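Enquirer: Okay, here's the structure, questions in a sec.
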Amino acid sequence: MKHLTLSALALTLVATICVAKSPYQSVLQHSRIRGRQHGPNVCAMQKIQGTDKKYFTNCKQWYHRKICGKPTVISYECCPGYEKIPGEKGCPAALPLVNIYNTLGVVGATTTQMYSDRANLREEIEGPGSFTFFAPSNEAWAALPTEILDALVSNVNIELLNALHYHMVNRRLTSEELKHGSSFTSMYQDFDVHIHHYSSGIVTVNCARLIKTDQHSTNGIVHVVDRVITAISSNVHSFIDTDDDLETLRTALAAAGLTTMLESDGHYTIFAPTNEAFEKIPPDTLNRILGDPVALRDLLNYHILKHMQCAESIVSGTPMETLQGTVLEVGCDGDEITLNGKAIITKKDQLGTNGVIHYISELLIPDSAKTLLELTEGSAITTVTKMFVDAGLRSHLSGSEALTLLAPQNDAFKGSLTMTGDMRKLMANHIVKNQLSSKALYHGQELETLGGLKLRVFVYRNNLCIENACIAAHDKTGRFASVFTIDKVLTPPMGSIMDVLKADDRFSLLVGALQTAGMTELMNQQGMLTVFAPTNDAFNAMSKPELNKLMRNSQMLAGVLKYHMVEGMLVSGGVGSHTRLQTLQGDKLELGMRNYTVYVNKVPVVEGDLMATNGVVHAVNVMIKPLQPKLDREQADGPAPDVRTTSRANSRGFRNEDLFQKVMKSRSSRTMTRGQ
């Protein structure tokens, strides 16, 4: 029975939330649910510590216990339209319906009530009709600059009455009817008031937040707002056109051809850089952008949101799309709005008929207006940037060539970074001709570098790689060039697989074995191969008699070597969990990645990605053996097995198994002897 009761309660809560029609109603319902343990019609409120700001709480705010990054205190208050009764739990009584004038006193807007008396508005809001009154709170009146308040109240029959009438609409409007982007004609000379109803549940009128909503009266409805609103009659461009602090912005908008747009209908948010913000930019950078119509338009559009965002609507960080096409992270830190984490807004909520302006003290430069050198500033690729400059490549990074920079992360560099001739060539081979997008790359594509080499592209299920290096971050796309952040320093191919093996003393025995098995031509052919190359240590781990026996049987030797080779190109970045590959010998290898090390049939690769023109070499210090047939595949990327426990089964995968089994038994016997 108890279970059924809980289920019924859960269904009731879900149904209650689903019935809520607007974001404000959804947040209000959530606050009711959080407050119901304190009695009927109790709402949970969150107050930012150290301020008077209160919010009905949504799920995210409730669990984080933060608004605008500041801790909150939970309080429980009567929901709108209800009041307490002494001796009873919660807020069981509905507020009595009285006229708007008296409702102002009930909801704590006593200063608005007083000014309504002084402006001879009382008779109107006590009498017949159906009005909506956006009533400023007592704190809103107190926050007005003294000179503005004095100007209003000194001529009470005209200015104060006009101001109060602008807060009124000649019809009843509940929060449900205050739709996002809507406008309603006020009772002052038919000037509109502008409504925005945000997904967070916050509702604003002319960017003033409704802090007590839906206070019903006999002749209308009262919404208490957190500031005194003023009539607006000009668009945002007219605002910019008349402010000397925005002179540089005004000139730039005209040069970019954006004036007409900002004069048209819309709901724009403009983060307007002041003259001072433009002056902070290095002159060369600013002149380059101002002289480039494409970069200038991108720069300005990056300061404009596609929708109107009042300051009071921002309670957490949210990515917001700009007209330029990318996003700004718009957030808040206490009372400060932040852009991309920086509190640079100096003046908020300058309202026009088609949008809102927030003044900012720093210019925001999007990637699409930057050179390569500017793209790398403040990123995780500062080490390689310095190396490009030291290599004499600065002109390519700061010019207008169509290029793509392959930039290793800082932690990709180890050891000495002395700028030698070879290092200069390597740096030039990290710059690809043409501006590319990683999304347009395809498997087998060749990219030409400034150093004259061709780099190959490999597309894997889990990675996109260029030679041995894989792309580690999203592209940064500049005005003329792009940056691909990669996880390793490139090692361009230098010769065939046989050339790579011959150039490395660790593989001298393997080179001899390949020649004995008649596989030299295979190592030099054009088709791509992946070779898990046994080092001299791997061969020396075998007993001399068995090694000699293996070397005398070219067919057997070829089978063993081909078990270490796979057709196609697999760099270490392309290895996923439980990768299976068929060898040239016919059986399969199982690969995995653990702690940044590739394992092949549980044998670790001691050095990977030795790049060749016809493939890649990965060094192993142990001969790779077949896994036990019943081995749990989930463990395929684990550490190398103990040869004592696997020697009997490991010979089964080779076609000439008798000889190889003897070799493995000999190794096992020798290992056990050492352990005794």
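The values are calculated or read from the model by the stated rules, or taken from the named source; none is laboratory data. None of the values given here were measured: they were computed from a predicted structure. Quick reminder, even Gly has a Cβ in these numbers, built from the backbone with ideal geometry, and neighbours come from all protein chains shown. The area values use the complete protein model at the heavy-atom level, side chains included, leaving out ligands, DNA and RNA. Shrake-Rupley method; radii C 1.70, N 1.55, O 1.52, S 1.80 Å.
Enquirer: Which value does Rg/Rh take for the range 457-503 over its C-alpha atoms, Rh per Kirkwood?
Expert: 1.11
Enquirer: Give me the mean projected area, in nm² to one decimal, of the convex hull enclosing the Cα positions of the chain.
Expert: Taking the Cα atoms of the chain, their convex hull projects to 42.9 nm² on average.
Enquirer: Right, here's the next one. Can you give the accessible area of Phe191 in Å² (nearest 10), computed on protein heavy atoms with a 1.4 Å probe?
Expert: 60 Å²
Enquirer: Please calculate how many Å² of accessible area the range 230-340 carries per residue, with a 1.4 Å probe and no DNA, RNA or ligand atoms counted.
Expert: Solvent-accessible surface per residue comes out at 43 Å².
Enquirer: Here's another thing I want to ask about it. Taking amide hydrogens as modeled 1.01 Å from N in the peptide plane, which residues meet the under 5 Å criterion relative to Val225, leaving out close sequence neighbours?
Expert: Under 5 Å from the amide H of Val225 lie the amide H atoms of Ala135, Ser137, Ile211, each far enough along the sequence or on another chain.
Enquirer: Considering only the other residues whose Cβ falls under 12 Å of the Cβ of Phe278, what net charge follows from Lys and Arg at +1 and Asp and Glu at -1?
Expert: Within the 12 Å Cβ shell, the charges total -3.
Enquirer: Shifting gears a bit: Give me the lysines in straight-line cross-link reach of Lys347: C-alpha distance below 26 Å, same-chain residues under 8 apart excluded.
Expert: Straight-line reach from Lys347, under 26 Å: Lys47, Lys53, Lys54, Lys66, Lys70, Lys212, Lys280, Lys306.
Enquirer: Turning to a different aspect of this structure: Could you state the accessible area per residue of the range 63-150 in Å², with a 1.4 Å probe and every protein chain left in place?
Expert: With the other protein chains kept in place, the range 63-150 gives 52 Å² per residue.
Enquirer: Can you send over the solvent-accessible area of Glu177, 1.4 Å probe, protein chains only, in Å² to the nearest 10?
Expert: Approximately 80 Å² of Glu177 is accessible to the 1.4 Å probe.
Enquirer: Compute log10 of I(q)/I(0) for the range 306-413 with the Debye formula, placing one identical point scatterer on every Cα and leaving out solvent, at q = 0.13, 0.16, 0.21, 0.23 Å⁻¹, to two decimals.
Expert: -0.66, -0.83, -1.08, -1.22
Enquirer: OK, next. Taking every DSSP beta bridge that has both residues in the chain, what percent is antiparallel when rounded to the nearest 5?
Expert: DSSP beta bridges in the chain are roughly 80 percent antiparallel.
Enquirer: If you project the alpha carbons of the range 104-225 onto their three principal axes, what span does each projection cover, largest first, in Å?
Expert: 40, 33, 29
Enquirer: Got a sec? What order do Lys488, Lys179, Lys625 fall in by accessible area at 1.4 Å, biggest, i.e. largest, first?
Expert: These residues rank, largest area first, as Lys179, Lys488, Lys625.
Enquirer: In whole Å, how far is the Cα centre of the range 536-591 from that of the range 117-148?
Expert: 87 Å
Enquirer: Same structure, new question: If we restrict to alpha carbons, what Rg and Dmax does the range 17-164 come to, in Å?
Expert: 18.3, 50
Enquirer: Which value in nm describes the separation of the simple spin-label points at Tyr442 and Thr491, placed 7 Å from the Cα toward the beta carbon?
Expert: That separation, rounded to one decimal, is 3.0 nm.
Enquirer: Right, another one. Quick one: net charge of Leu447's neighbours, Cβ under 9 Å, K/R +1, D/E -1?
Expert: So the environment of Leu447 carries a net charge of +1.
Enquirer: What whole-number value in Å² describes the accessible area per residue of the range 410-497 for a 1.4 Å probe?
Expert: 50 Å²
Enquirer: Give me the net charge of Ala533's neighbourhood, meaning all other residues with Cβ under 14 Å from the Cβ of Ala533; Lys, Arg count +1, Asp, Glu -1.
Expert: Taking every other residue near Ala533 into account, the sum is -3.
Enquirer: For the range 381-452, what's the radius of gyration and Dmax over Cα atoms, in angstrom?
Expert: In Å, with Rg to one decimal and Dmax whole: 12.7, 35.
Enquirer: Checking the table Lys502/Lys549; Lys414/Lys549; Lys60/Lys84 against a 31 Å threshold on Cα-Cα, which pairs fail?
Expert: Check vs 31 Å cut-off fails for Lys414/Lys549.
Enquirer: Under the rule of -39500 (n - 2.57) per DSSP H run of 4 or more residues, summed and divided by the residues of the chain, what mean residue ellipticity at 222 nm is obtained, to the nearest 500 deg cm²/dmol?
Expert: It lands at -8500 deg cm²/dmol.
Enquirer: Roughly how much of Ser543 is accessible, in Å² to the nearest 10, using a 1.4 Å probe?
Expert: 20 Å²
Enquirer: Please list Glu312, Glu377, Glu467 in order of solvent-accessible area, largest first, computed with a 1.4 Å probe with all protein chains present.
Expert: These residues rank, largest area first, as Glu377, Glu312, Glu467.
Enquirer: Over the range 417-466, what lengths in whole Å, largest first, do the semi-axes of the equivalent ellipsoid take, defined as the square roots of 5 times the eigenvalues of the alpha-carbon gyration tensor?
Expert: 24, 12, 9
Enquirer: For the range 217-281, what is the convex hull volume of its Cα atoms per residue in Å³?
Expert: Given the Cα convex hull of the range 217-281, per-residue volume reads 138 Å³.
Enquirer: Now for a separate question. As a test of reading the structure, rank Arg32, Arg65, Arg552, Arg209 by solvent-accessible area (1.4 Å probe, protein chains only), most first.
Expert: Arg552, Arg65, Arg32, Arg209
Enquirer: What are the DSSP H helices in the chain that stretch 15 Å or more along their long axis, judged by alpha-carbon atoms, and whose average Kyte-Doolittle hydropathy comes to at least 1.0?
Expert: 2-19
Enquirer: Sort all Cα-Cα distances of the range 555-634 into consecutive 5 angstrom bins from zero, then give the percent of pairs in each bin up to the one containing the longest distance.
Expert: Final binned percentages: 3, 14, 27, 29, 19, 7, 2, 0.
Enquirer: Counting only protein heavy atoms, what percent of the accessible surface of the chain is carbon or sulfur at a 1.4 Å probe?
Expert: 50 percent
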